[in-house]
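Read the structure below first, then the notes.
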């Protein structure tokens, strides 16, 4: 806890040291800022922020979730006994590809300082593949049906998940030489909806047909896991350039 507090203070205290001139944006004018960075442990990517009149903000970002981030998120869920290791193993192996899009509205309450808060919507699309049904069986506690003409331990199961989240962040932007932007924020998100599809496209037709109800139950299990437990905080650090 002390180390986290020290990290936060190490970023916030320079805001007061730098003073208003480095943080302010002109009243009634428009600005466009492009940054690259990370929201750990959610994603790493790029962000565009438009500052408008009345200190209103609109930002949009596109990123991916690195494997190390997914591992860290899973480890924290297991450590706090949110879900078991079998579920973490299923998520880690099935959802190896990701694309995360976020759009937020925000406001800077002080004209002479860089403090801001934003809130908005995040869409995450995740995908991957499982070799065999062992991880799915271990997580759900149910064995798959017999598959005629195919070894169920060798059937490749493809996973596709779409997750809808709402969240927000509180942060500070430093502006150096009126162009270089450094942005730090603390934020959080919660899952409000999820849709998963599990398929076995490479399985023989009869085997694929026999697996359909089982895979549908597995998809429902993942959706319930996302909606119930995928709520977390993040630390954001962005560095970029203000074009105008």
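Label zone (residue 158, point 7 Å along Cα-to-C-beta; backbone nitrogen cut-off 12 Å) within region 192-206: 197-203. Annotation: extensible slack from residue 101 through residue 72 equals 8.4 nm (criterion: 0.36 nm per residue apart, minus Cα-Cα distance).
With each label modelled as a point 7 angstrom along the Cα→C-beta vector, the residue 241-residue 129 pair spans 4.0 nm.
Taking every C-alpha pair closer than 8 Å and separated by at least 6 residues, the mean separation divided by the residue count of region 33-242 gives a relative contact order of 21 percent.
Descending by average beta-carbon neighbour count within 10 Å, the peptides 42-49, 209-216 line up as 42-49, 209-216, the highest first.
Distance between the modelled labels on residue 86 and residue 217, one decimal in nanometres: 1.2 nm (7 Å Cα→Cβ projection).
Quick check: the distance between the Cα centres of region 94-125 and region 32-70, to the nearest angstrom? The distance from the Cα centre of region 94-125 to that of region 32-70 comes to 6 Å. What the Cβ-Cβ distance of residue 79 and residue 176 gives, at R0 = 41 Å and to the nearest 0.05, is a FRET efficiency of 0.60. For region 33-242, the extents of the C-alpha atoms along the principal axes are 70, 32, 24 Å, listed from largest to smallest. Rounded to 0.05, the FRET efficiency of the residue 231 and residue 32 pair, given R0 = 35 Å and the Cβ-Cβ distance, is 0.65.
The convex hull drawn around the Cα atoms of region 149-244, when projected onto a plane and averaged over every direction, covers 9.3 nm².
Compute the Rg/Rh shape ratio of region 30-109: radius of gyration over Kirkwood radius, all on alpha-carbon atoms.
On the way: Rg = 16.4 Å, Rh = 14.4 Å.
Reported Rg/Rh, Kirkwood definition of Rh: 1.14.
Across every pair of non-identical alpha carbons in region 73-137, the mean reciprocal distance, once inverted, gives a Kirkwood radius of 14.9 Å.
Computed from the coordinates by the stated procedures, all read-outs in this text should not be read as laboratory data. Bear in mind that the values here come from a model prediction, so they are computed numbers and not experimental data. Here the Cβ is made from the backbone with ideal geometry for all residues, glycine too, and neighbour counts use every protein chain on show.
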